[in-house]
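Asker: What follows is a structure written as structure tokens; I'll ask about it next.
The values are calculated or read from the model by the stated rules, or taken from the named source; none is laboratory data. Keep in mind the model is a prediction, meaning the values are calculated, not measured. Here the Cβ positions follow ideal geometry from the backbone for every residue, glycine too, while neighbour counts run over all protein chains shown.
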Amino acid sequence: MKACLKEPCNECPWRRKHPAGWLGGYAPEDFTTQVQFDGPPLPCHKTIPPGGEAKAMCAGALIFMRNSFKSAQHPDYGDALKTVERDVENVFQWPHEFLAHHKDREGWLKRVVEQRGQE
């Protein structure tokens, strides 16, 4: 699996604008624990062919790591963190931000409705 993606995809759960709680059946803690405690790199779900293995690491997870000043100790990361830039505007910076966002579906929906009403 390579770190060929430079930006998170439009469906990346690490994006601040991602729908709250939409994590493919996983708990928000599954994501943050994987990154914080040096599990193998998270794959980009859009690069997984049916019945195959991911072709790229999740750029959103890599940017999140850069944003939160997290180094990668797992050997499968290689130089992946060097391929992305920090982006705290579009990608969460801290685990508590990610967790709070994905645990508050009602708050997220309310904010979306309010923003749409202002347009």
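Asker: Residues that are within 19 Å of residue 97 (Cα to Cα), assigned to a helix (DSSP H, G or I) and at pLDDT 85 or above: does the stretch 66-87 have at least one?
Answerer: Yes: the stretch 66-87 contains one or more residues that are within 19 Å of residue 97 (Cα to Cα), assigned to a helix (DSSP H, G or I) and at pLDDT 85 or above.
Asker: On to the next question. Would you check which residues across the stretch 23-46 are surrounded by fewer than 19 Cβ atoms within 10 Å (Cβ to Cβ), at pLDDT 85 or above and on the phi < 0 side of the Ramachandran plot and list them? Quick ask: steps written out before the conclusion?
Answerer: Filtering the stretch 23-46 for residues surrounded by fewer than 19 Cβ atoms within 10 Å (Cβ to Cβ) gives 23-30, 33-34, 36-40, 43, 45-46.
So of that shortlist, the ones also at pLDDT 85 or above come out as 23-30, 33-34, 36-37, 43.
If the condition is that a residue be surrounded by fewer than 19 Cβ atoms within 10 Å (Cβ to Cβ), at pLDDT 85 or above and on the phi < 0 side of the Ramachandran plot, then 23, 26, 27, 28, 29, 30, 33, 34, 36, 37, 43 are the ones that fit.
Asker: For the stretch 5-16, which residues satisfy the criterion of being at pLDDT 90 or above and not acidic (Asp, Glu)? Break it down into steps so the answer makes sense when it comes.
Answerer: Step one: filter the stretch 5-16 for residues at pLDDT 90 or above, giving 7-8, 12-16.
Once the filter is applied, which keeps residues that are at pLDDT 90 or above and not acidic (Asp, Glu), the stretch 5-16 yields 8, 12, 13, 14, 15, 16.
Asker: Further question on the same structure: Taking the condition of being basic (Lys, Arg), in contact with a helix residue (DSSP H, G or I) (Cβ under 8 Å, 6 or more places away or on another chain) and surrounded by fewer than 14 Cβ atoms within 10 Å (Cβ to Cβ), how many residues in the stretch 72-119 meet it?
Answerer: Restricting attention to the stretch 72-119, the residues satisfying the condition of being basic (Lys, Arg) are 82, 86, 103, 105, 110-111, 116.
Adding the requirement that they be in contact with a helix residue (DSSP H, G or I) (Cβ under 8 Å, 6 or more places away or on another chain) leaves 86, 103.
Filter again for surrounded by fewer than 14 Cβ atoms within 10 Å (Cβ to Cβ), leaving none.
Selection size over the stretch 72-119: 0.
Asker: Then there's this: What residue, of 117, 107, is farther than 15 Å from residue 14 by Cα, assigned to a helix (DSSP H, G or I) and touching a residue at least 24 places away in the same chain (Cβ under 8 Å)?
Answerer: It is 107.
Asker: Can you tell me how many residues within the stretch 9-38 are part of a loop (DSSP other than H, G, I, E, B), under 18 Å from residue 88 (Cβ atoms) and touching a Gly at 6+ places or on another chain (Cβ under 9 Å)? Don't jump to the end; show me each part of the working.
Answerer: So in the stretch 9-38, the residues part of a loop (DSSP other than H, G, I, E, B) come out as 9-14, 16-27, 37-38.
Narrowing further to those that are under 18 Å from residue 88 (Cβ atoms): 12-14, 16-18.
Imposing the further condition that a residue be touching a Gly at 6+ places or on another chain (Cβ under 9 Å) reduces the set to 12-14, 18.
Of the residues in the stretch 9-38, 4 are part of a loop (DSSP other than H, G, I, E, B), under 18 Å from residue 88 (Cβ atoms) and touching a Gly at 6+ places or on another chain (Cβ under 9 Å).
Asker: Given the criterion over 13 Å from the mean Cα position of the chain (by Cα) and within 17 Å of residue 24 (Cβ to Cβ), identify the matching residue among 100, 72, 54, 80.
Answerer: On the way: 100 fails: within 17 Å of residue 24 (Cβ to Cβ); 72 fails: within 17 Å of residue 24 (Cβ to Cβ); 80 fails: within 17 Å of residue 24 (Cβ to Cβ).
Among 100, 72, 54, 80, only 54 is over 13 Å from the mean Cα position of the chain (by Cα) and within 17 Å of residue 24 (Cβ to Cβ).
Asker: Out of (1) surrounded by 14 or more Cβ atoms within 10 Å (Cβ to Cβ); (2) free of Cβ contacts under 8 Å to residues at least 60 places away in the same chain, the odd one out for residue 20 is which?
Answerer: (2)
Asker: Something else about it: Scan 56, 100 and give me the residue that is of a type in the set (Gly, Ala, Ser) and within 30 Å of residue 113 (Cα to Cα).
Answerer: Values: 56 fails: within 30 Å of residue 113 (Cα to Cα).
Only one candidate passes the filter, namely 100.
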